[in-house]
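First the structure, in the form of structure tokens, and then the observations on it.
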Amino acid sequence: MSARGPLLFALMGLALACVGLFQSWQLAITILNMSLISAIMALGVNMQWGYAGLFNVGVMGFTAVGGLAVVLVAQPPVPEAWAAGGAGALLGLLLGVATILAAIVVYQRLPKGRMRGLAVFAVLAVGYFITSAVFGPATQAIEAVNPASEGYLGGLGLPVVLAWPVGALFAAGVAWMVGKVSLGLRSDYLAIATLGISEIVIAVLKFEGWMSRGVNNVTGIDRPVARPVDLQTAPWVQSLADSLGWDVQQTASVVSGLGYAGLFALVLGALIWLSERAWNSPWGRMMRAIRDNEVSARAMGKDVKQRHLAIFVLGSAVCGLAGAMMVSMDGQLTPGSYEPLRFTFLIWVMVIVGGSGNNWGAVLGGFVIWFLWVQVEPAGRWFMELVTSGMADGSDLKDHLLASASYMRLLTMGVALLLMLRFAPRGLIPER
């Protein structure tokens, strides 16, 4: 990385310090933590796009899968729900998998023709009705168990940090299934497939209450760092608050946030180190060769589809890891907050603004764009109040402009992207 990179990171650190000094250190730490998670997501997308030119529009789907892993791993099991319908739900899932496998076997064994199509359809139809007869009543019984606070099977009750690699594995598994189907097609089909899978995953999280409580959300998830309310009673936190001249609540929030920042920075540092080694290895040179000219790479004997599948799985796994980290920090899974197009666009802006094909550029883009995403709305509100200060109260134009301040975020992201494409099309830290 040239001298430009450290300078830009130093300016980013200065901006965060200014937020702490002039606004709130709690806000600065929150922006830092979300920037670290966003940087990890941007790193995953950069692996797919910057390394191999794969256009993934389903980032939020893989992130949501990682978040689901936290519930399935860290939440304690609900014995009443397991007794009511746990065995039936598992049997229904096994029957569904068996139906799909049977349809595949029939498709492979029968010769091509109308009979094969009818046989596959018959297997799927019979399997569907049998699965529904077992799975439906079981899930209804599970969701009827104390639905106000439970209504789901729960998880394994393991430490929440173990859910982070599991979230990466879950996202990798989904990516493998998507990639096996769509990576042999044109790039636009991959974009359609990833967007569709993202919507399906989020719909499953919203409506399969037996697994994730659906739109009722899962709250009270164990956290890897002590909560601020638990830290307030610690003598050393109270002593630190006295020495800084802060109240105990603010000090506890900052200390808890710094704990998350340390964990997230450790994960990001490991990913950066591994990514840089891979990027500068013969494998990285091969991936760049495939990205730049697939025809020539195939002529040299490279299996382009398998290489694309590998990098697609790796990038999605990183996004799943980030999703698990985000749910761990929030302490809750809220499926309704996953908006595939909106936040996927934001991650892509991070990669493009930071510098596609450069790992450090993707990380910087995550910090810059998330900082703007948080700070633009209050700045837009202040700007609109300044512009409308001379207008009469109750003016339709004044009310409209003040109400439009919240949309400054999207406007700013679009303007930032246009400016980067015009004056620095290769990003803040471009690929060498």
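Computed quantities for the displayed model
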| item | result |
| --- | --- |
| Residue that is farthest from Asp399 (Cα to Cα) [pool: residues in segment 366-386 that are in contact (Cβ under 8 Å) with a residue 40 or more places away in the chain and aliphatic (A, V, I, L, M)] | Val368 |
| Residues (in contact with a helix residue (DSSP H, G or I) (Cβ under 8 Å, 6 or more places away or on another chain) and hydroxyl-bearing (Ser, Thr, Tyr)) located in segment 358-406 | Thr388, Ser404, Ser406 |
| Per-region count, segment 105-141, residues over 29 Å from Ala83 (Cα atoms) and either surrounded by 14 or more Cβ atoms within 10 Å (Cβ to Cβ) or at pLDDT 90 or above (or both) | 13 |
| Which numbered condition Leu410 misses (of (1) surrounded by 15 or more Cβ atoms within 10 Å (Cβ to Cβ); (2) in a helix (DSSP H, G or I); (3) not hydroxyl-bearing (Ser, Thr, Tyr)) | (1) |
| Sole exception among (1) part of a helix (DSSP H, G or I); (2) over 14 Å from Ile40 (Cβ atoms); (3) among the aliphatic types (A, V, I, L, M) for Met391, by number | (1) |
| Residue identified as part of a helix (DSSP H, G or I) and either at pLDDT below 85 or of a type in the set (Val, Ile, Thr) (or both) among Ile202, Ile221 | Ile202 |
| Test: Ser243 is assigned to a helix (DSSP H, G or I), surrounded by 13 or more Cβ atoms within 10 Å (Cβ to Cβ) and not aliphatic (A, V, I, L, M) | no |
| Any hit, segment 371-379, residues being within 14 Å of the chain's Cα centre (by Cα) and either surrounded by fewer than 24 Cβ atoms within 10 Å (Cβ to Cβ) or assigned to a helix (DSSP H, G or I) (or both) | no |
| Given (1) small (Gly, Ala, Ser); (2) touching a Ser or Thr at 6+ places or on another chain (Cβ under 6 Å); (3) farther than 15 Å from Gly355 by Cβ, index of the condition Gly50 fails | (3) |
| Selected residue (only one of Asn46, Asn56 is closer than 30 Å to Arg432 by Cβ and outside any helix (DSSP H, G or I)) | Asn56 |
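Conditions (1) part of a helix (DSSP H, G or I); (2) over 16 Å from Gln48 (Cα atoms); (3) without any contact (Cβ under 8 Å) to a residue 24 or more places away in the chain; (4) within 22 Å of the chain's Cα centre (by Cα), marked per residue:
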residue	(1), (2), (3), (4)
Gly262	yes, yes, yes, yes
Leu266	yes, yes, yes, yes
Ile272	yes, no, no, yes
Ala278	yes, no, yes, no
Arg285	yes, no, yes, no
Arg291	yes, no, no, no
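The values are calculated or read from the model by the stated rules, or taken from the named source; none is laboratory data. Computed from a predicted model, the values in this text were never measured in an experiment. Heads up, the Cβs are rebuilt from the backbone with ideal geometry, glycines too, and the neighbour counts pull from every protein chain shown.
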